[in-house]
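Before any comments, here is the structure.
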Amino acid sequence: MTASLHIKPMTHTEAEADDHAPPALIAHRGLSAHAPENTLAAVQAAHEAGCGWVELDVQLLGDGTPVIWHDSGLKRCAGVGGRLSRLDLAAARRLDAGRWFSPAFAGEGMATLDEMLALIERLGMGLNLEIKVGRGRDAEALVAAALPPTLQRLPSERLIVSSFDIRALRALRGMQPDARRLRLGLLYDRAPRTWLAQAEALDAYSLHVDWHRLKPALARSIAASPYRLLCYTVNERNVYQRLRAWGVDGAISDDPLRLDPEYARLASAD
């Protein structure tokens, strides 16, 4: 059963004035247009570019170690066959997660969640952590492994934890019922008609929607609600400007600086 404290969410006007709201642009899988996605190098690159927040994916290895990785397989980002679920940490350490992107990143390893949290904490960045539940994987086991160290290392104002998987979202809220301590993001390919009821039931903070499937009326409806609206993965400036005009609070982008050339300067000034 989903726990709920019935905390009254902020209105969008209140949230805009809240220093704890995430920035309008979040770097997707780190600065993935310029470095191999979901790696320590990609997060370091995002920081150096002036990005205050990154979005990353967490999954479990076969031995239960939480690692930062998007795919269920290894081919695209490690160049070898096999599945993440069949690796232990020793085998994962032998993978090259950077060469596929560029020879300049050859030798970049697969990051564990602990390693990534240490870097983000040291850099003072914010994190949107996606709980990535692959087919046949245990959502509750992933939440149990990933949430406690994340809450321990990062303050609530620099964290949003999101998922497409309703089992994961319920487990997250069950582990931390206080919506002020754990801000949940509901991930959708297309937001269903029941989005408001789902957000209320989970004491959610935000909705994260594929911009390709977002219509102006729905965007404005969510914008009028107490929940923040983020869109993924936005890589064209004209699309970003259109979404903002619809009331979208922010975008997750492979290259935030492409959407707003002033972003790095403004972020650095903060």
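The values are calculated or read from the model by the stated rules, or taken from the named source; none is laboratory data. This structure is a prediction, so every number in the text was calculated from the model and none was measured. Heads up, the Cβs are rebuilt from the backbone with ideal geometry, glycines too, and the neighbour counts pull from every protein chain shown.
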Determine whether A197 is of a type in the set (G, A, S) and part of a loop (DSSP other than H, G, I, E, B). no
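Small (G, A, S), touching a residue at least 60 places away in the same chain (Cβ under 8 Å), assigned to a helix (DSSP H, G or I) and surrounded by 15 or more Cβ atoms within 10 Å (Cβ to Cβ) - does that describe any residue in the range 255-269? Lay out the reasoning, then the answer.
Going through the range 255-269, the residues small (G, A, S) turn out to be 264, 267-269.
Then keep just the ones that are touching a residue at least 60 places away in the same chain (Cβ under 8 Å); that gives 264, 267-268.
Restricting the remaining residues to those that are assigned to a helix (DSSP H, G or I) gives 264, 267-268.
With the extra rule that they be surrounded by 15 or more Cβ atoms within 10 Å (Cβ to Cβ), the set shrinks to 264, 267.
The answer is yes; a qualifying residue exists.
If the requirement is being in a helix (DSSP H, G or I), buried (at least 21 other Cβ atoms within 10 Å of the Cβ), touching a Lys or Arg at 6+ places or on another chain (Cβ under 7 Å) and not small (G, A, S), which of these qualifies: L117, L127?
Values: L127 fails: in a helix (DSSP H, G or I).
None of the others qualify; the one that does is L117.
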Take E121 and tell me if it is among the acidic types (D, E), over 20 Å from C231 (Cα atoms) and over 16 Å from the mean Cα position of the chain (by Cα). no
Residue selected from the range 20-57 under the condition under 11 Å from I252 (Cβ atoms) and of a type in the set (D, E, K, R), by the criterion farthest from the chain's Cα centre (by Cα): R29
Selected residue (only one of L142, L187 is surrounded by 15 or more Cβ atoms within 10 Å (Cβ to Cβ), in contact (Cβ under 8 Å) with a residue 24 or more places away in the chain, outside any helix (DSSP H, G or I) and of a type in the set (A, V, I, L, M, F, W, C)): L187
Have a look at A197, A204 and point out the one that is surrounded by 17 or more Cβ atoms within 10 Å (Cβ to Cβ), modelled with pLDDT of 95 or more and either touching a strand residue (DSSP E or B) at 6+ places or on another chain (Cβ under 9 Å) or not aromatic (F, W, Y) (or both). A204
Of the numbered conditions (1) more than 18 Å from the chain's Cα centre (by Cα); (2) outside any helix (DSSP H, G or I), V234 satisfies every one except a single condition; which is it? (1)
Residue count, the range 1-49, condition in a loop (DSSP other than H, G, I, E, B), modelled with pLDDT under 50 and among the polar types (S, T, N, Q), comes to 3
Taking the condition of being in a loop (DSSP other than H, G, I, E, B) and either surrounded by 13 or more Cβ atoms within 10 Å (Cβ to Cβ) or at pLDDT below 95 (or both), how many residues in the range 64-101 meet it? 16
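Give A251, A204 a once-over and let me know the one that is farther than 19 Å from V58 by Cα, in a loop (DSSP other than H, G, I, E, B) and in contact (Cβ under 8 Å) with a residue 12 or more places away in the chain. Reasoning before the result, please.
Details: A251 fails: in a loop (DSSP other than H, G, I, E, B).
Matching residue, one of A251, A204: A204.
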Could we say that L89 is farther than 29 Å from L202 by Cα and either without any contact (Cβ under 8 Å) to a residue 40 or more places away in the chain or among the acidic types (D, E) (or both) here? yes
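Could you check the range 88-105 and list, in sequence order, the residues that are among the hydrophobic types (A, V, I, L, M, F, W, C) and within 25 Å of the chain's Cα centre (by Cα)? Give the derivation first.
Looking only at the range 88-105, we keep the residues that are among the hydrophobic types (A, V, I, L, M, F, W, C), and these are 89-92, 95, 97, 100-101, 104-105.
Within the range 88-105, L89, A92, L95, A97, W100, F101, F105 meet the criteria.
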Does the range 50-63 hold any residues that are crowded, with 22+ Cβ neighbours inside 10 Å and closer than 19 Å to A35 by Cβ, and which are they? C51, G52, W53, V54, E55, L56, V58
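Please verify whether S163 is small (G, A, S) and within 13 Å of the chain's Cα centre (by Cα), treating the condition exactly as stated. Working first, answer last.
Values: small (G, A, S): yes; within 13 Å of the chain's Cα centre (by Cα): yes.
Judged against the criteria, S163 is a match.
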